[in-house]
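Chemist: Structure provided below as structure tokens; questions to follow.
Quick note: the coordinates plus some simple rules give every number you see, no bench work behind them. The model shown is predicted, which means the values in this text are computed figures rather than measured ones. Please note: Cβ atoms are built from the backbone with ideal geometry, for glycine as well, and neighbour counts cover all protein chains shown.
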Amino acid sequence: MEYNAKAIEKKWQDFWEENQAYEPKPDKTLPKKYILSMFPYPSGNIHMGHVRNYCISDAIARKFRKEGFNVLHPIGWDAFGMPAENAAIKHKTHPKVWTYSNIENMKRQLYSLGFSFSKTREFATCDSIYSKWEQSLFIAMWEKGLIYRKKGFLNWCPKDQTVLANEQVIEGKCWRCDTPVVQKEMYQYYIKITDYAQELLDDLETLEGKWPNQVLTMQRNWIGRSEGLKFTFKLENKIEYSKGAIENIEVFTTRPDTIFGVSYCALAPEHPLVKAVLENAESYGITQKQTEQILAIQNTSEKERAQQDKEGVPLGISVIHPLTHAKIPLWVANFVLISYGSGAVMSVPAHDERDYDFAKKYHLPILPVIIAKDSKAKLAKENFYDGNGILIHSQEFNGLDNEEAKIKIIEYFEKNQLGKAVVNFKLRDWGVSRQRYWGTPIPLVHCKDCGIVAETNLPVTLPEDVMIDGEGNPLDKHPYWKHCACPQCGKNAVRETDTLDTFVESSWYFLRYTTPTQLRQEEAFSRADESYWMDVDEYIGGIEHAILHLLYSRFFTKVLRSLGYTDSSEPFSHLLTQGMVTKEGAKMSKSKGNVVDPEEIIAQYGADTARLFILFAAPPVRELEWNDFALEGSYRFIKRLCAKVEKIQKIQNLPKIQSQNLNEKEKYARKKVYEALKKYQETFCHANGYAFNTLIAACMEALNALNEQDNAEIWSEGYFILLNILEPIIPHICWELSQEYFCLQNFTEIPIDKEALKEDSIVMAITINGKRRGEIKVDLTSSNGEILNLAKAEVAKWIEGKTILKEIVVPKKLVNFVVQ
């Protein structure tokens, strides 16, 4: 058969759509599979990373459909966000027009690959009906006390008068105007993810063996549970300033065993005490230059601070050590973050490398209070030791093992009401405010009399008559959009002009997919549908989403469970993180000039070739190096598959073949076909990592074996099975050939013929005095005597004239002769 990819693929894509072949069934008594790939941002063009992601999910979805499962395999669009506003500025277009135009183009591209997505479940997160229910969920969380408003520091461009995302800050400057970015304190909304920190940590245990270990480790580290001591250092002298008085600073430490080694305390530049001192800088001996240094640290983002050398400024004041009563100087340091803990840390340079480097730079004391148990242990740096050991210079705690000392010192603090044992988390509450236009409006109203109240008329939609020029928040500048009546008292009020972080949209979209379009007007998602489809059975996406997206999705699911929307506690039963697609050793990108256009591949070779290559080139979890020669090889395999169809008989059922009547080549061909079928059943299992590459290789071997024999019945059986195996991978050509020869009757679960897999002969190695000299093929029914006779004949030249001292037969493995 001549392979015409373009005609075949259009025919079957039209057929699948007309017959709604890939819509989930309403029958909830059927066993279900929810297969989901992380949804794409509508940038306008798909790339090979998209192709790989959806090839994997599509293959899994197609396989389970053939086994009688009710399959939900949806697609949607993560459509809000900063890139649309950037495009609006660049191309002088509206974000909405740009976004929906891109969605239509990408949808066309994805469906040209034959992906079996449900079209009735599709949506974009910028759809007003999606915003309506997201806003209703926000209000439910607000009323439950899970969302609050407070001031936080943001990247601010003084020239454009706008907040910038981290991605818009390049080397400390605004991406558009090159103005140095400062940190501005502004009101923000936060979701209390920390309320669920322990549960988020504990439930990772339920995902062991189901999620990659690397992802679980990354989540645990991000949550960052630690146990330690919280206590205060009292100021030597009370500090008075415009907002009141400060008498002490609070710190948390995981190393109470080192408390006697504190030689300074370090504060974040945003700490209230720093602000208090700077109000009267001269009286504390703070110079203008030092003030500027502190402000410079404050106006550096946390991300940039982490990459800088340690910098600090002395505050000219001290606190009193709670145990030794020594004076401890206070410093402002760039390595202390206001977003973590209290924004103040006790510094022990003898036993913490960061504190040590800072102390050495500014000539601060280094006070060792732990020594190694092995007196011969070598120190990496002078007076520095960060291992376990014995306490010294620690009053009554001298001589204790440092782990025991942690417990004893915490007990002392609690007994004397100086501090208490606490559990702390590295995880911070989730700031969800964005001072941008293209996002879900936060559904709150500011009223002078009622305070902050929730909107009652949802959805709050974005005004479309906006000018997006990158200067300020378009919603805040709009002439009338923000002005409204208070939902409670009816007086003049002002809408919130912040929009939500786009991570909010992607934190519950998988629940929205469970509900058919016709029910989505009435609720965020149908409880009956959600309870049937959830949890997602297989979730597929890039490792770059291992922390935030997955953490927020897990958190949102737990919150919605607490609010009664779902019974799920974990949204994704299994997680597969696919590797990147690379070319010339680097990730594909336009800037590197190494992009491969999927549309060009489809136009030249067809969608099935693209799918076959992407699944054959590497296991899903590994990086895939683009290879033009391998792409050509995939195309040649499909052509070979088509070229052999004249050998097939038209049948509708699997033929029953008796192995005893077959010759060796015929038996071998059947064996390779059924080995491929066995591999197919093993491949589509999360525990086996969906190794499509080895499955495809097995199919190629089977086709080669079929080609070595001429039995038409075996050809027909082989194709009946191979087209079933390959359908999830190259569906168009498999449907075409199946319709022609098998009336589409071979796309059901096929049992393995165990007789075909039975070995009736085996190859055994022959060794002489331990050295391999040959091999023989013997029947499994052969006696040892028959095996020895065959072996002697095979290695006659090696034993001629020699005396055989021993003849050893290791069953099914080897024959060994000991000679002299």
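Chemist: Say the cut-off is 20 Å between C-alpha atoms; which of Lys66/Lys667; Lys192/Lys234; Lys234/Lys420; Lys289/Lys310; Lys28/Lys66 go over it?
Modeler: Long pairs (Cα-Cα over 20 Å): Lys66/Lys667; Lys192/Lys234.
Chemist: Something else now. Please compute P(r) over all alpha-carbon pairs of the range 406-459, binned at 10 Å starting from zero, and give each bin as a whole-number percent.
Modeler: The distribution over the range 406-459 is 17, 23, 18, 14, 20, 8, given as percents.
Chemist: Would you mind ranking Lys92, Lys119 so that the residue whose beta carbon has the fewest other beta carbons within 10 Å leads the list? Kindly include the intermediate steps, with their values, before the conclusion.
Modeler: On the way: Lys92 9, Lys119 15.
Lowest to highest Cβ neighbour count: Lys92, Lys119.
Chemist: What is the distance in Å between the Cα centroid of the range 186-242 and that of the range 76-123?
Modeler: 36
Chemist: A further question on this structure: Can you pull out the GluC sites (Glu not before Pro) in the range 741-820 that DSSP calls coil and that have at most 16 other Cβ atoms within 10 Å?
Modeler: Glu749, Glu759, Glu800
Chemist: From the residues Pro158, Ile725, Leu418, which one has its Cα farthest along the dipole of the chain in the positive direction, the dipole being from +1 and -1 charges on Cβ of Lys/Arg and Asp/Glu about the Cα centre?
Modeler: Toward the positive end, the furthest listed residue is Ile725.
Chemist: Quick one: check the C-alpha center-to-center distance for the range 434-497 versus the range 613-687, whole angstrom.
Modeler: With the range 434-497 and the range 613-687 each reduced to a Cα centre, they are spaced 59 Å.
Chemist: Where in the range 531-597 are there GluC sites (Glu not before Pro) that are in a DSSP coil and have at most 11 other Cβ atoms within 10 angstrom of their Cβ?
Modeler: In loop regions of the range 531-597 (DSSP not H, G, I, E or B), the sparsely surrounded GluC sites (Glu not before Pro) are Glu584.
Chemist: List the trypsin sites (Lys or Arg not before Pro) in the range 778-820 that DSSP assigns to loop (not H, G, I, E or B) and whose Cβ has at most 15 other Cβ atoms within 10 Å. Which are they?
Modeler: Those satisfying the criteria are Lys802, Lys812, Lys813.
Chemist: Here is a further query. Tell me, what are the semi-axes, in whole angstrom and largest first, of the equivalent ellipsoid of the chain as set by the roots of 5 times the Cα gyration tensor eigenvalues?
Modeler: Equivalent ellipsoid of the chain: 61, 41, 23 Å, largest first.
Chemist: Based on C-alpha coordinates, I'd like the Rg and Dmax of the range 570-632, in Å.
Modeler: Calculated on Cα positions, Rg and Dmax stand at 13.4, 43 Å.
Chemist: Separate question: If you find the alpha carbon centre of the range 1-44 and of the range 332-355, how far apart are they in angstrom?
Modeler: 55
Chemist: Shifting gears a bit: Given the -39500 (n - 2.57) contribution per DSSP H run of 4+ residues, what per-residue ellipticity at 222 nm results for the chain, rounded to the nearest 500 deg cm²/dmol?
Modeler: Numbers: 27 runs with 291 residues, N = 820.
Taken over the chain, the calculation gives -10500 deg cm²/dmol.
Chemist: Of His446, Phe115, Gly774, which is farthest on the positive side of the dipole of the chain, counting Cα position, with +1 on Lys and Arg Cβ, -1 on Asp and Glu Cβ, and the Cα centre as origin?
Modeler: Selected residue: Gly774.
Chemist: Defining a contact as two alpha carbons under 8 Å apart and six or more residues distant in sequence, what relative contact order in percent does the range 225-425 show?
Modeler: 27
Chemist: Sorted from fewest to most neighbouring beta carbons within 10 Å, what does the list Met346, Met141 look like?
Modeler: Met141, Met346
Chemist: Next question, about the same structure. Can you compute the charge dipole magnitude of the chain about its Cα centre, using +1 on each Lys and Arg Cβ and -1 on each Asp and Glu Cβ, nothing else charged? Give it in debye, rounded to the nearest 20.
Modeler: Numbers: 101 positive and 109 negative charges, 180 e Å.
Dipole about the Cα centre, nearest 20: 860 debye.
Chemist: Mind listing the long-range amide H neighbours of Val71? Cut-off is under 5 Å, sequence gap 5 or more, other chains count too, H placed in the peptide plane at 1.01 Å from N.
Modeler: Counting only residues 5 or more places away or on other chains, the set is Lys25, Lys33.
Chemist: Which ordering of Ser531, Ser634, Ser112, Ser242 is given by a fewest-first count of other beta-carbon atoms within 10 Å?
Modeler: Ser242, Ser531, Ser112, Ser634
Chemist: Using the Cα centre of the chain as origin and beta-carbon charges of +1 (Lys, Arg) and -1 (Asp, Glu), tell me which of Pro42, Cys486, Ser761 is placed farthest towards the positive end of the dipole.
Modeler: With unit charges placed on the Cβ atoms, the residue in question is Ser761.
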